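Beneath this line is the structure, given in structure tokens, with notes to follow.
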Amino acid sequence: MFPTTIAGSLPKPAWLAETNKLWPRWRAEGPELEQAKLDATLLWIKAQEDAGIDVIGDGEQSRQHFVHGFLEQVEGIDFEHKVEMGIRRDRYKAMVPQVVSALKLKGRVHEREARFLRAHTKRRIKFTLPGPMTIVDTVADRFYGDRVKMAFAFAELLNQEALALQADGVDVIQFDEPAFNVYLDEAADWGVKALERAAQGLSCTTAVHICYGYGIQANIEWKKTLGEEWRQYEKVFPALAKSTIGQVSLECIHSHVPPELMALLEGKDVLVGVIDVASEQVETPEEVAETIGRALQFVPRHRLYACTNCGLAPMPREVAQAKLRALAEGAALARLKLG
């Protein structure tokens, strides 16, 4: 009851990349960098196991960014001539690559780190991929001229990699779609359809992560404009409830999301965010258990997972480790109190 997992990313060690940054620069290059990525992955596998996390991820240690780590293995994208673009409906500016021709995978994207993860833990493993709509919102289109058409082109490539990850032994494949909380009508219309195309044919557990973003200043400031109630989930949850996606990961603790919106996800596993990624204050097990208790009013106990609100990548490493322990200890306390 109340299995624990993380949304995806974890901080990169200082010897691997710049710290406390969402887009860190690597400290090495070539074979040395590739080995360092795996070393960091092993470090976080051990840290998650030691904390008591049930479904283990790779912490996205081999990716500089959760979207661009996938895009680097896609033909038709020009990384040499990045342009500045407003993303997440102009919430912040970023230097992004340009789509300049038809999209095609160069080969496998995450085989090495997925197989490494599978080989180094006996627990269930989860691997994260960016969702089609979020990719479209993080690149400049100079070829397709149509967001929907380009999203489905990316969805086909994501599906190829997802099927291969399943063959690598991955138990849960999660697609990250923060754009769903920004382009609300489009998400409910074609965003969920593109997501289903990315997950087509998968027999492993499928998940989608939708949140209000990393704990970076641009997102923190944006949240201040959203008012007393954050009802963005209300738009897309009904469409997801009807979809083939098995799990939905969402933001909860220290947010203004009305808990009753979780009831819209009937029939789905709900990965309830019980760890705040926008604060370095470490939650107590009691706080985590209380958040689980509130969610239980709207989510069946056999459907409820305890998770982080989003990724922990920009955080100090010691804070992330403490939050992992709080996540596991809080879920254990909830089992005692609410089981």
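If you take the residues in segment 50-67 that are of a type in the set (Gly, Ala, Ser) and surrounded by 21 or more Cβ atoms within 10 Å (Cβ to Cβ), which one is farthest from residue 139 (Cα to Cα)?
The residue in question is 57.
Output the residue which, of all residues in segment 211-246 that are in contact with a helix residue (DSSP H, G or I) (Cβ under 7 Å, 6 or more places away or on another chain) and of a type in the set (A, V, I, L, M, F, W, C), is nearest to residue 91 (Cα to Cα).
211
Of the residues that make up segment 315-337, is at least one in contact (Cβ under 8 Å) with a residue 12 or more places away in the chain, over 23 Å from the mean Cα position of the chain (by Cα) and open to solvent by 70 Å² or more (accessible area, probe 1.4 Å)?
Yes.
Where the second residue is of a type in the set (Phe, Trp, Tyr) and the first is farther than 24 Å from residue 34 by Cα and lies in segment 91-118, which pairs have Cβ atoms under 7 Å and are six or more apart or on separate chains?
91/222; 99/143; 99/144; 100/143; 101/143; 103/154
Name the residue that is least open to solvent (accessible area, probe 1.4 Å), counting only residues in segment 68-110 that are within 21 Å of the chain's Cα centre (by Cα) and on the phi > 0 side of the Ramachandran plot.
Restricting to residues being within 21 Å of the chain's Cα centre (by Cα) and on the phi > 0 side of the Ramachandran plot, the top hit is 88.
Filter segment 247-284 for residues that are closer than 19 Å to residue 325 by Cβ, in contact with a helix residue (DSSP H, G or I) (Cβ under 6 Å, 6 or more places away or on another chain) and either among the polar types (S, T, N, Q) or surrounded by fewer than 18 Cβ atoms within 10 Å (Cβ to Cβ) (or both) and give the result.
Those that are closer than 19 Å to residue 325 by Cβ, in contact with a helix residue (DSSP H, G or I) (Cβ under 6 Å, 6 or more places away or on another chain) and either among the polar types (S, T, N, Q) or surrounded by fewer than 18 Cβ atoms within 10 Å (Cβ to Cβ) (or both): 280, 282.
Looking at segment 114-161, which of the residues that are of a type in the set (A, V, I, L, M, F, W, C) and under 15 Å from the mean Cα position of the chain (by Cα) is surrounded by the fewest Cβ atoms within 10 Å (Cβ to Cβ)?
Here the answer is 125.
Looking at segment 200-217 only, could you name the residues that are of a type in the set (Gly, Ala, Ser) and open to solvent by 30 Å² or more (accessible area, probe 1.4 Å)?
If the condition is that a residue be of a type in the set (Gly, Ala, Ser) and open to solvent by 30 Å² or more (accessible area, probe 1.4 Å), then 201, 203 are the ones that fit.
Looking at segment 172-185, can you tell me whether even one residue there is open to solvent by less than 70 Å² (accessible area, probe 1.4 Å), more than 27 Å from residue 267 (Cβ to Cβ), out of contact with any Phe, Trp or Tyr (no Cβ under 6 Å at 6 or more places or on another chain) and touching a residue at least 12 places away in the same chain (Cβ under 8 Å)?
no
Quick grid of which residues meet (1) part of a loop (DSSP other than H, G, I, E, B); (2) touching a strand residue (DSSP E or B) at 6+ places or on another chain (Cβ under 9 Å); (3) open to solvent by 60 Å² or more (accessible area, probe 1.4 Å):
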residue: 7; (1), (2), (3): yes, yes, no
residue: 13; (1), (2), (3): yes, no, no
residue: 23; (1), (2), (3): yes, yes, yes
residue: 31; (1), (2), (3): no, no, yes
residue: 38; (1), (2), (3): no, no, no
residue: 43; (1), (2), (3): no, no, no
residue: 48; (1), (2), (3): no, yes, no
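Among the residues of segment 224-241, count how many are open to solvent by 30 Å² or more (accessible area, probe 1.4 Å) and either charged (D, E, K, R) or over 30 Å from residue 159 (Cβ atoms) (or both).
Summing the residues that are open to solvent by 30 Å² or more (accessible area, probe 1.4 Å) and either charged (D, E, K, R) or over 30 Å from residue 159 (Cβ atoms) (or both) in segment 224-241 gives 9.
Search segment 113-130 for residues being hydrophobic (A, V, I, L, M, F, W, C) and in contact with a strand residue (DSSP E or B) (Cβ under 8 Å, 6 or more places away or on another chain), and hand back the single one that is farthest from residue 53 (Cα to Cα).
Here the residue is 129.
The values are calculated or read from the model by the stated rules, or taken from the named source; none is laboratory data. Being a predicted model, the structure only gives us computed values, none of them experimental. With ideal geometry, Cβ positions are generated from the backbone for all residues, glycine too; neighbour counts draw on all protein chains shown. SASA here: full protein model, heavy atoms, side chains in, ligands and nucleic acids out. Shrake-Rupley method; radii C 1.70, N 1.55, O 1.52, S 1.80 Å.
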